[in-house]
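One structure is given below, encoded as structure tokens.
Just so you know, all these numbers are worked out from the coordinates, no wet-lab data involved. What you are looking at is a predicted structure, and each value in this text was computed from that prediction instead of being measured. Here the Cβ is made from the backbone with ideal geometry for all residues, glycine too, and neighbour counts use every protein chain on show.
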Amino acid sequence: MKRTDINIEIIKILASDQTAHLAAIEKGLPITNQFETIDIVVEVMGSPEVAKTYISQALKSGKNVVTANKDIIAAYESELGKIAEVNGKDLFFEASVAGGVPITRVLSDSFVGDRIQEINGILNGTTNFIMSQMYDDHQSYQDGLRLSQELGFAEADPSADVEGLDPARKLIILMKLAFGYTAKLSNLTVEGK
Ligand SMILES: NC(=O)C1=CN([C@@H]2O[C@H](COP(=O)(O)OP(=O)(O)OC[C@H]3O[C@@H](n4cnc5c(N)ncnc54)[C@H](OP(=O)(O)O)[C@@H]3O)[C@@H](O)[C@H]2O)C=CC1
Ligand SMILES: N[C@@H](CC=O)C(=O)O
């Protein structure tokens with residue numbers, strides 16, 4: 001974090017099951033099961049329902065939460081946002097959509113006085129990568145998908161990527177931020193392989 005002058009120090013890593021991490025603890029990693037001692041919860045588990053419960057409980061317990069979970073944010077941002085507000089905490093989710101750009105903070109802060117007409121972009125890296133592999137390198141679809149999994153672009157279950165659900169969820173998040181419109185997945189026409 002040189003350019004921001006912010007020093008982030010990871011003091012503790014929360015893991016409920018200590019026995020699963022004995023080797024890491026022996027190596028000196030600061031793993032704890034004392035939830036009360038954590039200030040900021042970073043949720044990058046990806047398990048939709050469990051993660052929603054954890055995020056909600058974390059906010060209610062007075063923790064700020066950062067999540068990359070677009071499934072949760074697309075479906076429950078309003079609900080979780082209210083919980084954050086009531087508890088005087090922050091819920092940030094920049095990595096949930098185009099984190100490398102980035103866009104969520106720009107939409108909610110920098111463009112707050114602007115009227116946005118439309119949003120265009122490639123919202124799924126996996127399918128974009130697969131198609132580039134097929135077109136540029138004449139790879140098969142399966143090889144492109146396997147490589148995208150090996151490189152970590154694809155979700156743990158890549159069906160959300162290749163069936164179009166992943167970009168649809170990202171679009172829902174962007175629509176809320178850009179137009180104040182809360183869409184449901186069932187409102188969208190989604191196509192994929
Ligand atoms: N991959 C990417 O480029 C991007 C991913 N995201 C989002 O980030 C999140 C994580 O994605 P990704 O890193 O690819 O996923 P991975 O599956 O690679 O990693 C998920 C991690 O969470 C752990 N985990 C899963 N369930 C639980 C649980 N119930 N309790 C504790 N730990 C758990 C897994 O542990 P174990 O391996 O032991 O099961 C694993 O270490 C998802 O919400 C995804 O949509 C967002 C933007 C980009
Ligand atoms: N699986 C996603 C990862 C980032 O959101 C993608 O391919 O875009």
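Using the Karplus relation 6.51 cos²θ - 1.76 cosθ + 1.60 with θ = phi - 60°, the per-residue 3J(HN,Hα) values for segment 110-124 come to 5, 9, 4, x, 9, 9, 7, 8, 7, 10, 10, x, 8, 9, 10 Hz, with x marking Gly and Pro. Descending by average beta-carbon neighbour count within 10 Å, the peptides 93-99, 161-167, 128-134, 28-34 line up as 161-167, 93-99, 128-134, 28-34, the highest first.
Given the alpha-carbon gyration tensor of the chain, what are the semi-axes of its equivalent ellipsoid in whole angstrom, ordered largest first, with each equal to the square root of 5 times an eigenvalue? Don't skip to the answer; put the middle values down first.
Numbers: eigenvalues 178, 119, 54 Å².
Those come to 30, 24, 16 Å.
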